[in-house]
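Just below is one structure, and these are the notes that go with it.
The values are calculated or read from the model by the stated rules, or taken from the named source; none is laboratory data. These numbers come from a predicted model, not from an experiment. Cβ placement follows ideal geometry from the backbone for every residue including glycine, while neighbour counts extend to all protein chains displayed.
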Amino acid sequence: MEEDYSENLELVYDFIIRHGVSILTGIIVLLIGFWIIKRIGKIVVKVMEKRDVNVSLRGFFKSLLCVTLRVLLIITVADMVGIKTTSFIAVLGAAGLGVGLALQGTLTNFAGGVMILLFKPFKVGDLIETQGHLGTVKEIHIFVTILLTFEKKTVIIPNAAVSNGDIINYVTEGIIRVDMDFGISYDSNIKDAKDVLMNILTSHPMVLKDPAPFVGVKALADSSVNLAVRPYTIPDDYWTVYFDVMESGKIALDEAGITIPFPQMDVHMNKVKK
C-alpha cells in the first residue's frame, strides 16, 4: 500500500517537474490574454462611437471579436501546455460549417443588416421605398428593417432583400417634389389655367420657394390637355401639400370657368341603304 502511494506521489512529482513550468506559463498567458482582450474590446467600442456606428452593431462586433480572440487564446494556451488541439480544431471547424449551412438564410440577412448599419443608405425616421413598400423607417435591426406605412401598417422586410434591392430615399436631400396632373378641356385657355394653378402653389405656406414650383403642359391626351403641377416641399408635408393643392386646384379652376373634362367618345352612325 505504501509502495503504491509512493509510486503515485512520484508520478505526480514527475508530472509537475515536467509540465509545471508550461502550466504556470499557460495560466499567466491566459490571464494576461483575457485582460488584453478586454482592453481591445473597449478600444473597439470607442473607435465605433467616434465613427457613429449603430449602437446595436457596436455591441455585436465587440462580442464577436472578444469571443473569437478568447477561443484562439484558449487553443494557443492548450497547445503550449501540451494538449493536442488538432482534433479539437477539426471538430470546431466542422461544427461551424454545419451551423453556417443550417443558418444560411439568417446569415444572409445578418450580412445585409451589417451593410445597412455600416453604409447607412437610410436611417430611422427616413421616408423610403423598397421591395414595393413605401413608408417611414421605424426600426433597423441586424436581421430585419421595419417600416411604418402611411396606412399605419407595420412592414417587416428581411435585410438581405433590402440591401440587395433598390432603395429610394425621399429625405436624403431634405426636400421632395409632389407630382400632380390636372386635365383641362381643349376649349379652355391654357395660360389662364396655368396662372390659376401657379397662384395656388405660390400662396401655399408649405410649398417651397426654392426650388420654384412649376406648371406646364405634360400631354395632349384624347379628351384633355394635361398640365403637370410640380411643387416642392419637405418630406413631412408631402401629403398635406398633395391633398391641399388637389382640392384647391379643382375649386379654383371651377371658379375661373375652366373645365376639367371626363373621357368622351364620338360615335358616327352611317345609314345603311337597303
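Any idea which of (1) closer than 21 Å to Ile128 by Cβ; (2) over 34 Å from the mean Cα position of the chain (by Cα) is the one Thr202 doesn't satisfy?
For Thr202, the failing item is (1).
Of the numbered conditions (1) touching a Pro at 6+ places or on another chain (Cβ under 9 Å); (2) basic (Lys, Arg); (3) over 28 Å from Leu134 (Cβ atoms), Arg177 satisfies every one except a single condition; which is it?
Of (1) touching a Pro at 6+ places or on another chain (Cβ under 9 Å); (2) basic (Lys, Arg); (3) over 28 Å from Leu134 (Cβ atoms), only one is false for Arg177: (3).
Testing Gly183 on (1) in a loop (DSSP other than H, G, I, E, B); (2) under 23 Å from Asp244 (Cα atoms), one condition comes back false. Which one is that?
Looking at each condition in turn, Gly183 falls short on (1).
Of the residues Ser185, Ser223, which is among the polar types (S, T, N, Q) and at pLDDT below 90?
Ser223
Take the conditions in the same structural domain as Asp237 (by TED's automatic domain parsing), under 20 Å from Pro235 (Cα atoms), surrounded by fewer than 15 Cβ atoms within 10 Å (Cβ to Cβ) and in contact with a strand residue (DSSP E or B) (Cβ under 6 Å, 6 or more places away or on another chain) and apply them to Asp181. Does it pass?
Against the criterion (in the same structural domain as Asp237 (by TED's automatic domain parsing), under 20 Å from Pro235 (Cα atoms), surrounded by fewer than 15 Cβ atoms within 10 Å (Cβ to Cβ) and in contact with a strand residue (DSSP E or B) (Cβ under 6 Å, 6 or more places away or on another chain)), Asp181 qualifies.
Within 21 Å of Ala160 (Cβ to Cβ), exposed (fewer than 11 other Cβ atoms within 10 Å of the Cβ) and modelled with pLDDT under 85: is that true of Leu57 in this structure?
No: the conditions fail for Leu57.
Would you mind stating whether Glu151 is over 17 Å from Ile234 (Cβ atoms) and among the charged types (D, E, K, R)?
The answer is yes for Glu151.
Tell me which residues, restricted to region 162-182, are over 10 Å from the mean Cα position of the chain (by Cα) and under 11 Å from Gly112 (Cβ atoms).
Within region 162-182, Asn164, Gly165 meet the criteria.
Would you say Gly257 is at pLDDT 90 or above and under 45 Å from the mean Cα position of the chain (by Cα)?
no
Just wondering, is there one or more residues in region 188-195 that are under 23 Å from Ile251 (Cβ atoms), free of Cβ contacts under 8 Å to residues at least 24 places away in the same chain and not aromatic (Phe, Trp, Tyr)?
Yes, region 188-195 contains at least one residue that is under 23 Å from Ile251 (Cβ atoms), free of Cβ contacts under 8 Å to residues at least 24 places away in the same chain and not aromatic (Phe, Trp, Tyr).
Each row is one residue, and each column tells you yes or no for (1) crowded, with 19+ Cβ neighbours inside 10 Å; (2) closer than 28 Å to Val229 by Cβ; (3) free of Cβ contacts under 8 Å to residues at least 60 places away in the same chain; (4) small (Gly, Ala, Ser).
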position	(1), (2), (3), (4)
Pro121	no, no, yes, no
Val124	no, no, yes, no
Leu127	yes, yes, no, no
Leu134	no, yes, yes, no
Thr145	yes, no, yes, no
Asn159	yes, no, yes, no
Tyr170	no, yes, no, no
Glu173	no, yes, yes, no
Ile200	yes, yes, yes, no
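Please verify whether region 62-70 includes one or more residues that are over 30 Å from Thr25 (Cα atoms) and at pLDDT below 85.
Scanning region 62-70 turns up no residue that is over 30 Å from Thr25 (Cα atoms) and at pLDDT below 85.
Out of region 193-220, which residues are in contact with a helix residue (DSSP H, G or I) (Cβ under 6 Å, 6 or more places away or on another chain) and among the hydrophobic types (A, V, I, L, M, F, W, C)?
Residues satisfying the conditions are Val196, Leu197, Ile200, Met206, Val207, Val215.
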